[in-house]
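Here the structure is laid out as structure tokens; the discussion comes afterwards.
The values are calculated or read from the model by the stated rules, or taken from the named source; none is laboratory data. Here the structure is a predicted model, which is why all the values come from computation and not from measurement. Glycine also receives a Cβ, built like all others from the backbone with ideal geometry; neighbour counts cover every protein chain displayed.
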Amino acid sequence: MTGSAQTRGLRKWSSEVTPDVRRLYAASPAKNYGISEAQFSRILDEVTNKYLPEGAGVEDAREMICALRIDELVLARACAAGNDAAWEQFLTRFREKMYGAAYSIAKQDSVARELADSLYANLYGMTEREGERLSKLASYMGRGSLEGWLRTVLAQEYVNRYRTQKRLVSLEEEEEAGHQFTAATPAPPQNGDARVSSAVDEVLSNLGDEERYCLAAYFLDDRTLADIARSLNVHESTISRKIEKITKGLRSAVLSTLVKHGMDRRAAQEALETDVRDLAVDVRARLAEARKPAPGKPRA
Amino acid sequence: MMQLEKIFREGLARQQSVAPEMVHLDADQLTAFLEQALSQPERQHVMQHLSRCVNCRDAVALSMPELDLMPAAVAEPQASIWRRWLVFRWAAAAAAVVVVAGTVTLYQTNQRRNTVATIVDGPAYTASRQLKPAESAQTEVATKTEANETKPADRVKAEQPVMTAELHDRDTVSANAAKEKAAPSKADETPTLMAKAQQPAAVPPPPVSAGAAAMSPNVSSPATVATLDRPVEVRGGVLTGAGASGFPPGSGRTLRPSEEPPLQSYDQPDRVFTTTAEARPQRSLSIGGRAAEAAKTLAKREPMAVGMFAAPPLPNAPSLNRRWIVTSAGELQRSHAIGEAFHPVHVADGIFFKAVAESGMEVWAGGVGGALYHSTDDGNSWMKLMPSAGDHPLFADITSIHATQRGAADLTTSNGEHWITVDGGQHWARHE
């Protein structure tokens, strides 16, 4: 833990938040699971260290720890420490839900069971470091529900496995499918098409994050409006109107940008109506290029 | 517009971050995002990442709970709500007019025909006819839902009375079987044993515990309560005698030398196992004697069942495959299949269970005050056991049970004792 990280933790305001920590400890089942108040305080310190932004005050820290799922947090940490009573509780409450989540993610019985078993092994802790068992449950921070966290971990594992398998493609199968292995793609020609791509890039960069998320989920991931709405906790009609509004606004913005860069309005309109295949925009090459790191890189 | 969409699609694809060193959002952040538990700055940061990371977007989409578990979405914008209210109002008025007109017509028709309507449906369905169409659909759905929800519990409870009746029948059958088996068999046997076997009635009936008579019908009947220090004659591997009434032949109590290795530890050259009162000091498991052998047998613990999963068994891990648990409220629960929900199993009234162990179809459940129950048919029927070693009965709370092979169990009590059996609870050895 770095020095700067320590300044964000509860220790910075120990005298001010101690009553809150004590109150949370007393109200939680931590004692039943063999977690002392000092250990409990260290857990909360770990959470605040990780998630409190720079310059956060004691009120932010207090708000964060009071919003945590304390009961589930202590349960997870007690399981990570090997407490039998905690494991009994965990299996009683979450075993069925783990399998259910795996089924809804994988849609296949065998894959789901493998996914759930793999997660269980990670949760229990198959590896040790310095004599201490490493359990994935030790990384649960209580920001969201434990059930939701388990579901997300399963989803992430599934995404990792699926994308790994997609990358490992048989060359023979590719040849049989008629795919040819092309040489390096030349740079796109400098013509009106490049100006369209450039204008689109500029306009998309000026979009808000939520708008870009909606467009990416809808156009790139082919998610339904209902799914996007659920992820943002809004109504489906809201997302429908939002995407419609964004795409209309994008067209106007791209046209304006093209005109601003010296293109005739009529030519710009024709350029937007031109077949994409003539644009010579090689999506594969663009995706294969290394992009700049995502802004707002999360703290470790 | 299609062309425009293609242009935007490609533009968005260009903006996706594919750098391998990119750090993805952790599960806590994604979960908190979906559950609206992030602060505004955090949410903005997460949204920023999600707009450029297809992996994290996929994880979000996959980890969303089922539709009925999602928190209620934010209310629709007011304009659409108002429009819908108007439409609903007119639709309700139209429906009311139709219902009233239909009712009046029906009444007049019935009056003209002067017939008595016979009710052919149940009350619920008849009642639904009186409701408005929209409400009747809801009533039917609610009725069906209610019926479905009661099914698992009803199914569990319905099983037990039937099993109890079977147990009663087994008692009768076993008593008759005891008489039939008293006839000489081809197995090696001594004349003394034959004489005893032909007079099963001579053996006094097992004592009935005070609580047994008060037990609910779902519990094994008093006649099947086994007291472990009662003499039980065993011939050719089959239990006879009054004590055997608690162990009907078909319930797994039949002991055959070839299938029950622990029992072969009894020194019977003719392979006839006798546990009469006079032989008890040699037969019963006492500390230092047979208990040592029993302890050695139990020391060879079978590996925990892995089930059908490919993952290797985790050392000392609580098994994910187990189907019996005890809740913090002392309730015994069972899952019919791995991955399915747990349902309460009623064994006896007033028992606070603290430990359960399973080994195949055999289940041991123990609790406060030395309460101990044993099932050999996966919990469909139960036998109340009262372990005792000599004059020392088990009265402390049973805090853990370890079941290894069939008929063998190792109990740990709250006062630090270990109780071991290798013959399905007939005899016990006590260690402090």
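Worth pointing out:
- Boolean, B:Ala310 is at pLDDT below 75 and either basic (Lys, Arg) or in a loop (DSSP other than H, G, I, E, B) (or both): yes
- Residue selected from segment A:244-267 under the condition in contact (Cβ under 8 Å) with a residue 40 or more places away in the chain, of a type outside the set (Ser, Thr, Tyr) and part of a helix (DSSP H, G or I), by the criterion nearest to B:Phe8 (Cα to Cα): A:Leu250
- The one condition in (1) over 20 Å from B:Leu30 (Cα atoms); (2) buried (at least 22 other Cβ atoms within 10 Å of the Cβ) that A:Ala116 fails to fulfil: (1)
- Hits in segment B:412-432 (condition: more than 15 Å from B:Met383 (Cβ to Cβ) and either surrounded by fewer than 18 Cβ atoms within 10 Å (Cβ to Cβ) or not β-branched (Val, Ile, Thr) (or both)): B:Ser414, B:Asn415, B:Gly416, B:Glu417, B:His418, B:Trp419, B:Ala429, B:Arg430, B:His431, B:Glu432
- Members of segment A:26-55 found to be surrounded by fewer than 19 Cβ atoms within 10 Å (Cβ to Cβ) and over 30 Å from A:Glu88 (Cβ atoms), listed by number: A:Pro53, A:Glu54, A:Gly55
- Counting only helices (runs of 4 or more DSSP H) that fall entirely inside segment B:1-88 and contain at least 3 residues that are modelled with pLDDT under 90, within 17 Å of A:Tyr213 (Cβ to Cβ) and facing another protein chain (nearest Cβ under 7 Å), the qualifying elements are B:2-14.
- Looking across segment B:360-373, just one residue is assigned to a strand (DSSP E or B) and surrounded by fewer than 22 Cβ atoms within 10 Å (Cβ to Cβ), and that is B:Glu362.
- Pairs are defined by a Cβ separation below 6 Å, a sequence spacing of at least 6 or placement on different chains, a first member in segment A:147-159 that is more than 7 Å from chain B (Cβ to nearest Cβ), and a second member that is surrounded by fewer than 24 Cβ atoms within 10 Å (Cβ to Cβ) and outside any helix (DSSP H, G or I); no pair meets this definition.
- Any chance B:Glu432 is in the same structural domain as B:Ala329 (by TED's automatic domain parsing) and closer than 18 Å to B:Lys354 by Cβ: no
- Enumeration of residues in segment A:232-266 that are buried (at least 17 other Cβ atoms within 10 Å of the Cβ) and either outside the structural domain of A:Leu207 (by TED's automatic domain parsing) or among the small types (Gly, Ala, Ser) (or both): A:Ala253
- Scope segment B:390-399; condition crowded, with 16+ Cβ neighbours inside 10 Å and farther than 10 Å from B:Arg430 by Cα; matching residues: B:Ala396, B:Asp397, B:Ile398, B:Thr399
- When segment A:57-74 is filtered for residues that are over 22 Å from the mean Cα position of the chain (by Cα), closer than 20 Å to B:Phe33 by Cα and of a type in the set (Gly, Ala, Ser), only A:Ala61 remains.
- Against the test of being within 30 Å of A:Ser14 (Cα to Cα) and more than 10 Å from every other protein chain (Cβ to nearest Cβ), the options A:Gly55, A:Gly82, A:Gly131 yield a single qualifying residue, A:Gly55.
- For segment A:104-128, filtering for residues that are in a helix (DSSP H, G or I) and more than 19 Å from A:Phe90 (Cα to Cα) leaves 8.
- Unique residue being at pLDDT 90 or above, in contact with an Asp or Glu (Cβ under 9 Å, 6 or more places away or on another chain) and either in a helix (DSSP H, G or I) or facing chain B (nearest Cβ under 10 Å) (or both) when the list is A:Arg286, A:Arg230, A:Arg241, A:Arg223: A:Arg230
- Selected residue [facing chain B (nearest Cβ under 8 Å) and at pLDDT below 85] from A:Glu210, A:Glu273: A:Glu273
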